[in-house]
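Chemist: Take this structure, written in C-alpha cells, and hold onto it; I'll ask about it next.
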Amino acid sequence: MSQAIRFSAYGDADVLRLVEVPLPEPAEGQVRVAVRAVGVNPLDWKIRRGYFAEGEPLGAPAGTGIELAGVVDAVGPGVTAWRPGQPVFGRSATRGAAATHDLAAVDELLEKPEWLSFEQAAALPVAVETAYRTLRELGLREGQTLLVHAAAGAVGLTAVQLARAWGATVIGTAGERNHAFLREIGAMPVTYGDGLVERVRAVAPQGVDLALDASGRGALPASLELAGGPEKVLTIADPAAADHGVRFSAVPGPTGEALREVLPLIGSDRVRMPIERTFPLDRAADAHRLSEEGHLQGKIVLKVG
Ligand SMILES: NC(=O)c1ccc[n+]([C@@H]2O[C@H](COP(=O)([O-])OP(=O)(O)OC[C@H]3O[C@@H](n4cnc5c(N)ncnc54)[C@H](OP(=O)(O)O)[C@@H]3O)[C@@H](O)[C@H]2O)c1
C-alpha cells in the first residue's frame, strides 16, 4: 500500500485527506517514484476548487500535485532509460504527486544531481518548463526589454532570471515586500495596480518590447499599452486573454528538455528558486491555503517521509 492526498468533492482545502491507496503500477513508458518532495502550484487548488470541471461533480476521488522529486522505485514494461534507485525530479503523470508513491512518464523526468536537495528539485519542474516555454513563445532576444507580471512568484522569478541570463533587461511587478528580492535577481521592481503604465515608463524610458503575464489579475490592458500590440504579450493566467486578442499559453512542452537546458544555470547560481515554506505531506491542506493567499516569494514544497 501507499499513502496519498485525495479529495472526493470539489471545495476548499478542508476536502483534502491523507488516505491509504494501492501502490500505483507503472504502465509502458512510465516509472514509479518513491516521492520525497512535491512542489505546490496554484493549478493544484484551482483543480481542487473545480475551476476546470464545468459544473460537473467529481466522479472518483482525485489526487493533487503535478511535480515531484524522489527515487525511482519500479519501471514499467519496456523502460530502459531509468532503473530503480536513481534520484529523479520532474512532472507527475497522474496529478497525484502528493503521495508516498506516484507515476511519471520517462521523458518527463531528469536525474537529480547530488548538489540539488529533493525539496529544491521538486520546486523546479513546472516553473522552469513554463518560464522556458513562454519566453520562447514570446521570441525574447538578447538586448530586448521584458515586463514580467507577478515576478516574485515561482514562474515569474524563473522567467526574470532566464531572461537576464539570455541578455534581456527585465521589469517585474510585485508587492513592495518583494522589491528588494527582485533587484537581487536582476529585475527593476514596479508595484502592480493603478498607475502601472506610468511607473513602468518611469523605469524603462526606452519602452517595453515584450510582456509576460504570470499574474492573471487584470494586467493585460497595461501590457498592451506598454508593449504596443497583442503579438508582444503572452499570458499564462488571465482567462480574459481572448477578449484582448492575447495568446494564452497552456500546453506544457517536454519537462525533461526544459530542465536539462536550465539546470546548468541553476548549478551556477544564475537561476535560483527560493522556497517560501515547506510542509509535511499530512499538512497538504495548509500548503494549499498558503498558495491561495497568492503572495509568495518562490515555492511551497511538501516533504514526504
Ligand atoms: N498556463 C500555464 O502553463 C501555467 C503554468 C504554471 C502556472 N500557471 C499560472 O500562472 C500563475 C502564476 O503561477 P506561480 O506558480 O508563479 O504562482 P505563485 O508562485 O503563487 O505567484 C504568486 C505571485 O503573484 C503575485 N501577485 C499577487 N497579486 C498580484 C497582482 N495583483 N498583480 C501582480 N502580481 C500579483 C504575488 O506577488 P506579491 O507577493 O509581490 O504580491 C506572488 O509573488 C498562476 O495563476 C498559475 O495557475 C499557468
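Chemist: In segment 212-235, which residue that is within 16 Å of the ligand (Cβ to nearest atom) and assigned to a loop (DSSP other than H, G, I, E, B) is nearest to Val128 (Cα to Cα)?
Modeler: Ala214
Chemist: Continuing with this model, one more query. Residue check: is Leu147 within 19 Å of the chain's Cα centre (by Cα) and closer than 21 Å to His244 by Cα?
Modeler: In short, yes.
Chemist: All but one of (1) within 22 Å of Thr134 (Cα to Cα); (2) at pLDDT 95 or above hold for Gln297; which doesn't?
Modeler: The number of the failed condition is (2).
Chemist: While we're on this one: Looking at segment 111-131, is at least one residue within 16 Å of the ligand (Cβ to nearest atom) and more than 22 Å from Lys303 (Cα to Cα)?
Modeler: Within segment 111-131 (the criterion being within 16 Å of the ligand (Cβ to nearest atom) and more than 22 Å from Lys303 (Cα to Cα)), the answer is yes, since at least one residue qualifies.
Chemist: Sticking with this structure for a sec: Write out, first by first residue and then by second, each pair whose Cβ atoms fall under 9 Å of each other, whose residues are 6+ apart or on separate chains, and whose first residue, in segment 148-159, is on the phi < 0 side of the Ramachandran plot while the second is polar (S, T, N, Q) and modelled with pLDDT under 95.
Modeler: Ala152/Gln297; Gly153/Gln297; Leu157/Gln297
Chemist: Still on this structure, I have one more. Of these, Gly305, Gly256, which one is within 21 Å of Val38 (Cβ to Cβ) and over 21 Å from the mean Cα position of the chain (by Cα)?
Modeler: Result: Gly305 is the single residue among Gly305, Gly256 that is within 21 Å of Val38 (Cβ to Cβ) and over 21 Å from the mean Cα position of the chain (by Cα).
Chemist: Examine segment 220-239 for a residue that is among the basic types (Lys, Arg) and either touching a Pro at 6+ places or on another chain (Cβ under 6 Å) or surrounded by fewer than 17 Cβ atoms within 10 Å (Cβ to Cβ) (or both), and state whether such a residue exists.
Modeler: no
Chemist: Are any of the residues in segment 159-170 assigned to a helix (DSSP H, G or I), within 13 Å of the ligand (Cβ to nearest atom) and farther than 30 Å from Lys303 by Cβ?
Modeler: No: zero hits.
Chemist: Every residue in segment 241-257 that is within 10 Å of the ligand (Cβ to nearest atom), in contact with a strand residue (DSSP E or B) (Cβ under 9 Å, 6 or more places away or on another chain) and assigned to a loop (DSSP other than H, G, I, E, B), please.
Modeler: Ser249, Pro252
Chemist: Could you figure out which of (1) more than 17 Å from Ala150 (Cβ to Cβ); (2) over 20 Å from the mean Cα position of the chain (by Cα) isn't true of Ala165?
Modeler: (2)
Chemist: For residues that are outside any loop (DSSP other than H, G, I, E, B) and not hydrophobic (A, V, I, L, M, F, W, C), scanning just segment 85-98, find the one that is surrounded by the most Cβ atoms within 10 Å (Cβ to Cβ).
Modeler: Residue satisfying both the conditions and the ranking: Gly90.
Chemist: Oh, and also: For residues that are charged (D, E, K, R) and in contact with a helix residue (DSSP H, G or I) (Cβ under 6 Å, 6 or more places away or on another chain), scanning just segment 28-84, find the one that is surrounded by the fewest Cβ atoms within 10 Å (Cβ to Cβ).
Modeler: Looking at the filtered set, the residue picked out is Arg36.
Chemist: Does Glu142 qualify as being over 27 Å from Trp45 (Cα atoms) and not in a helix (DSSP H, G or I)?
Modeler: Considered against the rule, which asks whether it is over 27 Å from Trp45 (Cα atoms) and not in a helix (DSSP H, G or I), Glu142 comes out as yes.
Chemist: Of the residues Asp209, Asp238, which single one is in contact with a helix residue (DSSP H, G or I) (Cβ under 7 Å, 6 or more places away or on another chain), within 12 Å of the ligand (Cβ to nearest atom) and charged (D, E, K, R)?
Modeler: None of the others qualify; the one that does is Asp238.
Chemist: Considering each residue of segment 258-305, count those that are away from the ligand (no atom under 16 Å from the Cβ), more than 25 Å from Thr64 (Cβ to Cβ) and not hydrophobic (A, V, I, L, M, F, W, C), and give that number.
Modeler: 7
Chemist: Please determine, by comparing only the residues of segment 180-206 that are in a helix (DSSP H, G or I) and without any contact (Cβ under 8 Å) to a residue 12 or more places away in the chain, which one is farthest from the ligand (Cβ to nearest atom).
Modeler: Looking at residues that are in a helix (DSSP H, G or I) and without any contact (Cβ under 8 Å) to a residue 12 or more places away in the chain, I get Ala202.
Chemist: Looking at segment 1-17, which of its residues are part of a loop (DSSP other than H, G, I, E, B) and either charged (D, E, K, R) or at pLDDT 95 or above (or both)?
Modeler: Ser8, Ala9, Tyr10, Gly11, Asp12, Leu16
The values are calculated or read from the model by the stated rules, or taken from the named source; none is laboratory data. Note that the structure is a prediction, hence the values are computed from the model and not measured. Neighbour counts run over all protein chains shown; Cβ positions are idealised from the backbone, glycine included.
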